[in-house]
Structures are given as structure tokens and as C-alpha cells.
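Take a look at the structure set out below.
The values are calculated or read from the model by the stated rules, or taken from the named source; none is laboratory data. As the structure is a prediction and not an experimental result, all values here were calculated from the model. Glycine also receives a Cβ, built like all others from the backbone with ideal geometry; neighbour counts cover every protein chain displayed.
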Amino acid sequence: MRRKNKHIPQRTCVACRQRRDKGDLIRLVHIGDGIVEVDISARRPGRSAYLCPKKDCWEIGLKRNHLERALRTRLSTNSRQALIDYSNNLPGEGQV
Ligand SMILES: [Zn+2]
């Protein structure tokens, strides 16, 4: 099952543990002090974690603290709310 193309970096979604091409996942970066932001450019420095671009993974990642564990931080209330808001714009089950 392992793909042979070495030029596409693979990352793992912290919620569903699926490996995908880096560009198919959304990068989240811990800026510091529990502030976690969506990093569209995928170039910001800081500890990062990846999630699939679907609502389910974000819900799982946030609710079960997979994201916090991966980023080794406790999400600030504002960041958590911002990520929930962001996930609400993502497609849900059956829409991908
Ligand atoms: Zn996922």
C-alpha cells in the first residue's frame, strides 16, 4: 500500500490517523500559550499537527484532545472556539 513517490511528504491526521499527502491535510500550528491557528501557508514555525479537511476529524480531534496531545498544549478558549468555527465551514460526513 505504501506509495513510492518520495517527493510528496506524508502526514498523519491526528484524529483518524490516516496518512495522506501533506497538501491534502490542514496544518495547525501552536503559536505559544495555547494559541493554535490554522496555517494555510503551511510554513509558519511552531509545533504543528494535521487534520483532514473534514468536519468529523476536527470534532474528534477537538473533543478527544488528540489535537492538544499532538501539539503538547492546552488549547486556549479562544483558539478552541476559532477552530470549532473553522470546522463548521468544512464538509461533514458524506460530503467529501
Ligand atoms: Zn482525519
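For region 64-74, how many residues meet the condition of being more than 13 Å from the ligand (Cβ to nearest atom) and under 13 Å from the mean Cα position of the chain (by Cα)? Write out each step before concluding.
Kept after step one, since they are more than 13 Å from the ligand (Cβ to nearest atom), are these residues of region 64-74: 65, 68-69, 71-74.
Pick out the ones that are also under 13 Å from the mean Cα position of the chain (by Cα) and you get 65, 68-69, 71.
Counting residues in region 64-74 that are more than 13 Å from the ligand (Cβ to nearest atom) and under 13 Å from the mean Cα position of the chain (by Cα) gives 4.
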Original post:
When residues of region 40-72 are filtered for being more than 16 Å from N88 (Cβ to Cβ) and either modelled with pLDDT under 95 or surrounded by fewer than 19 Cβ atoms within 10 Å (Cβ to Cβ) (or both), how many remain?
Top reply: 13
Original post:
Does I35 satisfy the criteria of being within 18 Å of Y86 (Cβ to Cβ) and at pLDDT 95 or above?
Top reply: yes
Subject >> Every residue from region 1-59 that is within 16 Å of the ligand (Cβ to nearest atom), touching a strand residue (DSSP E or B) at 6+ places or on another chain (Cβ under 8 Å) and part of a loop (DSSP other than H, G, I, E, B) >> reply: V14, A15, Q18, L25, C52, P53
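Against the condition touching an Asp or Glu at 6+ places or on another chain (Cβ under 7 Å) and either surrounded by 11 or more Cβ atoms within 10 Å (Cβ to Cβ) or at pLDDT below 95 (or both), how does Q95 come out, does it pass? Walk me through it before giving the result.
Working: touching an Asp or Glu at 6+ places or on another chain (Cβ under 7 Å): no; either surrounded by 11 or more Cβ atoms within 10 Å (Cβ to Cβ) or at pLDDT below 95 (or both): yes.
Taking the combined requirement at face value, the residue does not satisfy it.
Within region 60-82, which residues are part of a helix (DSSP H, G or I) and farther than 16 Å from D33 by Cα?
In the first step, residues of region 60-82 are kept if they are part of a helix (DSSP H, G or I); the result is 60-63, 66-71, 77-82.
Hits for region 60-82 are I60, G61, L62, K63, H66.
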